[in-house]
Amino acid sequence: MAVNPDPKPGRWILPLVILGMIAFTYFFVRQLPEASPDTTLIGAPETTTTTSGDPGETTTPGENPVDPDTQAYLAELDAINSELQLLGTEIVTVNDAFDADPRQIEFPEAEDRFEAVTDNTQTLAERIAALTVPVGLEQNQEALQRAIDLATDAANDALAGIRSTDTGQLRRAAVEAYTVATEDFATEVTNAKNAAGASA
């Protein structure tokens, strides 16, 4: 009786199958077309290089760059708004100090500071009126002018109130109206930036 030199001939089948799969994969992959260098991955952010200005500047589709005149207009609005907000803080500070018990500032100082707020607010209103308004922002300019005119009227009323013989109702109401006007002005500045397509 002949003796089988390999008692487990089946053990060679699996390595042969694996080797065949590797060879098949290798030849299959070599047959695939190479990717084009111009291929764009799905979901990659798209940018467009501008031909003017900074050579390295890029713009994202959907962004509207703000022209220099509009940028200057918005920068002036920011400057005026910053000054107006400081005046709003000042008028509230003076009013609260004058109403404190015991009183923290006396009439002459309170009157001088109210008068300074009134004069400075009027100056800001004149700066707003003198601005060159970019096309498309005319309605925003009108809203800004209304808000700062209300602040000017309120400052005048506060000054008249502290000079009056009433018990402070006119002055307090005017200070509150001034605060509301400064808040409205800040809102209208934001609205103007949005209308211009600029970042707030």
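The numbers here are math on the coordinates, done by the rules we state, and not lab data. Small disclaimer: the values here were computed from a predicted structure and weren't measured. For neighbour counting, all protein chains shown are included, and Cβ atoms are generated from backbone atoms with ideal geometry for every residue, glycine included.
The distance from the alpha carbon centre of region 124-200 to that of region 65-83 is 17 Å, rounded to a whole number.
Taking 7 Å steps out from each Cα toward its Cβ at ASP101 and ASP119 produces label points 3.4 nm apart.
Contact order for region 68-195, expressed relative to its length and based on alpha carbon pairs under 8 Å spaced 6+ residues apart, stands at 31 percent. You can think of it this way: the chain between GLN169 and ALA79 has 29.2 nm of extra reach, that is 0.36 nm per residue less the Cα-Cα gap. Projected label points at GLN139 and GLN71, each 7 Å from Cα along the beta carbon direction, are separated by 2.7 nanometres.
Between THR187 and ALA129, the FRET efficiency estimated from the beta carbon spacing at R0 = 22 angstrom works out to 0.70. Modelled this way, with points 7 Å down the Cα-to-C-beta line, the labels at ALA160 and ASP112 are 2.5 nm from one another.
Dipole check for region 68-195: with +1 at the C-beta of Lys and Arg, -1 at the C-beta of Asp and Glu, and the Cα centre as origin, the magnitude is about 140 Debye. Taking other C-beta atoms within 10 angstrom as a stand-in for reagent exposure, ASP184, ASP96 fall in the order ASP96, ASP184, fewest first. Remark: PHE185, PHE107 ranked as PHE107, PHE185, counting other beta-carbon atoms within 10 Å and listing the fewest first.
Of the residues GLU126, GLU115, the one with the fewest other Cβ atoms within 10 Å heads the list, and the complete ranking is GLU126, GLU115.
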